[in-house]
Amino acid sequence: MEKRGIGSLTTIILLSIPLWCTVCKRDEISPITENPPHRIQLSYSHEDSLEAMEFALWLSGKLRPTDSLVSELLYNLNYLRFVYDDSVRYRDSLSVLRWGGFMAPWVVSQLAVKFDSVTAQLVNSGRYDAWDQFEASLRPVYFDSVDILGWTWLKFDGYLNPRRLGELYSALPGVIYAEPNGWGFAGFATFPIFPRLVGNNMTYVFTRGSAGPIWYFKYVDDEPYYVGTTYRCCDTLPNWLSEARINMENFTYWDGPP
């Protein structure tokens with residue numbers, strides 16, 4: 001894959017090899033229904049709330065997710081953990097559902113931007129003001145000096161979807177390219193959770209490294225079910241693996257509803 005400046009998959013963490021190389025057409029998304037009144041009361045940590053915000057940014061594909069979607073996903077993921085934390089374990093010791101939190105395929109509220117040479121000089125001298133046309137919350141709070149190739153990082157406050165930010169910033173004068181800062185891997189690390197919305201029901205693949213087992217869960221009528229566990233190298237693979245593969249193949253290409 002050709003690398004575009006500093007922006008393409010430049011944040012390196014641990015290690016990974018591709019899980020599957022096929023890129024599937026993304027699924028249609030339907031609105032998640034309102035919280036039914038019979039749901040049990042769960043307690044959440046601050047980290048749970050931040051996780052749900054990032055999850056909602058990815059699933060909605062919008063610049064900012066709605067509070068109702070954040071609340072829905074906060075419950076959905078943590079109710080799954082509440083039900084299966086104790087019963088689905090890795091080597092009988094570690095909770096599969098707590099091994100790692102949801103992690104979007106890009107860094108929230110950060111952009112890699114490439115400027116033309118004239119505009120790069122304006123940015124470096126503090127004289128570039130084209131982004132002042134945006135509301136204050138959409139303007140960068142920090143950026144590095146533009147490098148010799150014309151690239152810099154823009155960092156923003158709050159929780160913003162970088163794909164939508166990239167669309168806004170690509171239209172500014174002097175900007176050649178604006179893209180999210182995607183995660184890159186080396187070795188056997190991978191995203192810990194691969195969710196997918198099927199109709200009105202969430203499905204989840206949890207992983208233990210790209211060469212380790214995967215665990216598949218799905219909601220049916222507001223109740224979570226543990227479908228099964230498999231190693232991708234096994235001679236006999238379960239029928240549900242084709243569903244789980246879609247979760248994993250579509251994850252980094254999801255861009256929200258059309």
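Calculate the dipole size of region 69-160 relative to its Cα centre from +1 charges on Lys and Arg beta carbons and -1 charges on Asp and Glu beta carbons; express the result in debye to the nearest 20.
Taking the Cα centre of region 69-160 as origin, the dipole is about 280 debye.
How would Ser137, Ser68 line up by accessible area, probe 1.4 Å, largest first?
Ser68, Ser137
Thr252: accessible area at probe 1.4 Å, nearest 10 Å²?
The accessible area of Thr252 comes to roughly 60 Å².
So, in nm, how far is label Leu172 from label Tyr44 when the simple model puts each one 7 Å beyond its Cα toward the Cβ?
About 3.2 nm, to one decimal.
At 7 Å along the Cα-to-beta-carbon direction for both Asp116 and Trp240, put a label point, then send me their distance in nm to one decimal.
5.5
Can you pull the accessible area of Lys62 for me, 1.4 Å probe, Å² to the nearest 10?
110
In square angstrom, rounded to the nearest 10, how much accessible surface does Tyr177 have for a 1.4 Å probe?
Rounded to the nearest 10, that gives 80 Å².
How do Ile148, Ile176 rank by accessible surface area computed with a 1.4 Å probe, from largest to smallest?
Most to least solvent-accessible, the answer reads Ile148, Ile176.
Using a 7 Å offset from the Cα along the Cα-to-Cβ direction at both Val220 and Tyr253, what is the distance between the two label points in nm, to one decimal?
Label-label distance for Val220 and Tyr253, simple model: 2.9 nm.
What full-extension length gain, to one decimal in nm, is calculated for Tyr90 and Arg127 as 0.36 nm per residue of separation minus the Cα-Cα distance?
7.8 nm
So how do Tyr204, Tyr79 rank on accessible area, 1.4 Å probe, biggest first, that is with the largest at the start?
So the residues, ranked largest to smallest area, are Tyr79, Tyr204.
The values are calculated or read from the model by the stated rules, or taken from the named source; none is laboratory data. All values reported here derive from a predicted model rather than from experimental measurement. Here Cβ is always computed from backbone atoms with ideal geometry, including for glycine, and neighbour counts include all displayed protein chains. Accessible surface is based on the protein model in full, side chains and every heavy atom, while ligands, DNA and RNA are left aside. Shrake-Rupley method; radii C 1.70, N 1.55, O 1.52, S 1.80 Å.
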